[in-house]
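Taken together, the values in this text are just the output of simple stated rules run on the coordinates, not laboratory data. None of these values were measured; they are calculated from a predicted model. Neighbour counts are summed over all protein chains in view; Cβ atoms, including those assigned to glycine, are modelled from backbone coordinates with ideal geometry.
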Amino acid sequence: MMGSFSVKPVKVGICGLGTVGGGTFNVLKRNAEEIARRAGRGIEVAQIAARRPNPKCETGSTPITADIFDVANNPEIDIVIELIGGYTLARELVLQAIENGKHVVTANKALIAVHGNEIFAKAREKGVIVAFEAAVAGGIPVIKAIREGLAANRINWLAGIINGTGNFILTEMREKGRAFADVLKEAQALGYAEADPTFDVEGIDAAHKLTILASIAFGIPLQFDKAYTEGITQLTTADVNYAEALGYRIKHLGVARRTEQGIELRVHPTLIPADRLIANVNGVMNAVMVNGDAAGSTLFYGAGAGMEPTASSVVADLVDVVRAMTADPENRVPHLAFQPDSLSDHPILPIDACESAYYLRIQAKDHPGVLAQVATILSERGINIESIMQMEVEEHDGLVPMILVTHRVLESRIIEAITALEALQDVVGNVVRIRVEQLN
Ligand code: HSE
């Protein structure tokens, strides 16, 4: 079968032989024949740059260097695969590879979200492809689905569980009642967490991925600095349980929504009705829901990280690049789905101009009339209450937890209401506020 490919194999260089690099090497080797049947040519790993061997890879006679720039400057290599992570060195490596006329495949979400505009401009100048399917949601081909599969649609919104570590933590908190810090340690041991785990739990990793998704969904430049990011570190098991009692699950969601005023780009804990498919995405799994005017809602689910799931996306990009190498640059799929001269300047909205429903937890003294005062504060600001639940007096502090879910309202309006609620004499401490999305 392999003999039917008369064209010479395409030579690729892998920079970084960690989890994803090792997985990419192994998948390319194991599935070489299937991959060549798809690409129309063989794909040969001609060089690897790695600081140390990966015990899960038998690299055999493949040349190995310790210097990633050896790969970027190797005249034999057609495609550089950047799997070192981080912003600084990865940016230099990718720009150098592009400068040398090489195509690039990367799994680096931080790099694309922060430096993507610069990188794609340079790639256009040099007529090369930069492919990044593995940067978002590991093994789920969601970039391709939005960029190509949904190309007919005006996309209205998308919402995703796009950080496996955070989702694992929330799942354990809900299912086993475990505390946040305890679960985080286990998530780190599982190997999914970022080098700096605050990237996972503070939503930075998810914001990188959301920035990329929003660009290809709406045809806007990458604007990571305008994404609103709120982490899961303040979530308590009490709120997880109250949400459950109201028929919701709490998920750390990335939401991008097109409105007339601008685009909402936000990552935060979110209550989702428990019967939505996406509310039942558990553990380290990822899922992205995309709502388009023609297709309606679609849902993409799978492993969001890990050795071979991520390698699956890297290798799919390689196949795409190999097929498109001989096409004129203007006949290739644009990096950000829309033609570069057709990107829109529709602004990213600041968070106080975003609209959402809200879950509020108020700790009140057990006095008559408190509920009436709370209701007055909300109604004076035009905030409609969807449901309300008053719990029994807590034995340890004598306070009554009051749980409310509002209808959709501007963020600035709810902040105003919370300030007024916290000023009430019978309200103790801060009001807990978590956004609610119906996703219908
Ligand atoms: N730290 C990321 C996660 C890895 O937990 O999802 C994949 O990007």
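Distance from a point 7 Å along Cα→Cβ of A145 to each backbone N in the stretch 185-226: keep the residues under 19 Å and list them by number.
206-219
Rounded to the nearest 0.05, what FRET efficiency is calculated for S61 and E34 with R0 set to 22 Å and r the Cβ-Cβ distance?
The computed FRET efficiency comes out at 0.45.
Run the quick spin-label model on E416 and V393: label points 7 Å from Cα toward the beta carbon, then report their separation in nm to one decimal.
That separation, rounded to one decimal, is 3.6 nm.
Apply the Karplus parameterisation 6.51 cos²θ - 1.76 cosθ + 1.60, with θ equal to phi minus 60°, to every residue of the stretch 296-313 and state each ³J(HN,Hα) to the nearest whole Hz, in sequence, with x for glycine and proline.
Those phi angles translate into x, 8, 10, 9, 10, 10, x, 6, x, 7, x, 4, 7, x, 6, 4, 4, 6 Hz.
Which of the pairs K185/K251; K56/K144; K11/K102; K29/K56 have their Cα atoms more than 22 Å apart in this structure?
With Cα atoms farther than 22 Å apart: K56/K144.
Can you tally the net charge around V432? Count Lys and Arg as +1, Asp and Glu as -1, for every other residue whose Cβ sits under 12 Å from the Cβ of V432.
That works out to +1.
Over the chain, calculate the relative contact order: mean separation of alpha carbon pairs under 8 Å at least 6 apart, over the residue count, as a percent.
After rounding, I find 16 percent.
Provide the convex hull volume over Cα atoms per residue for the stretch 9-87, in Å³.
94
Describe numerically, in nm with one decimal, the distance between label points set 7 Å from Cα along Cα→Cβ at R332 and at T88.
Each label point lies 7 Å from its Cα, and together they span 2.9 nm.
Between D196 and E76, what length comes free when the chain is fully extended (0.36 nm per residue of separation minus the Cα-Cα distance, one decimal in nm)?
39.7 nm
Stretch S342-M325 to full length: gain in nm at 0.36 nm per residue minus the Cα-Cα span?
Difference between extended and current length: 3.8 nm.
Below 8 Å, C-alpha to C-alpha, sequence gap of six or more: please give me the relative contact order for the stretch 354-436 in percent.
49
What order do you get for K11, K56 when you list them from fewest to most C-beta neighbours inside 10 Å?
Ordered by Cβ neighbours within 10 Å, fewest first: K56, K11.
Take the alpha carbon atoms of the chain, find their radius of gyration, then divide it by 2.2 N^0.38 Å using N residues; give the quotient.
1.09
From the Cα gyration tensor of the stretch 142-303, with a ≥ b ≥ c the square roots of its eigenvalues, which class applies: rounded if a/c is under 1.5, or else prolate if a/b is larger than b/c, or else oblate?
Cα axes put the stretch 142-303 in the prolate bin.
Tell me, in nm to one decimal, what length is gained between E175 and Q234 on full extension, where the rule is 0.36 nm per residue of separation less the Cα-Cα distance?
Full-extension gain reported as 19.4 nm.
What is the Cα coordinate range of the stretch 354-436 on the first, second and third principal axes, sorted by size from largest, in whole angstrom?
Principal extents (largest minus smallest coordinate, Cα): 38, 21, 18 Å.
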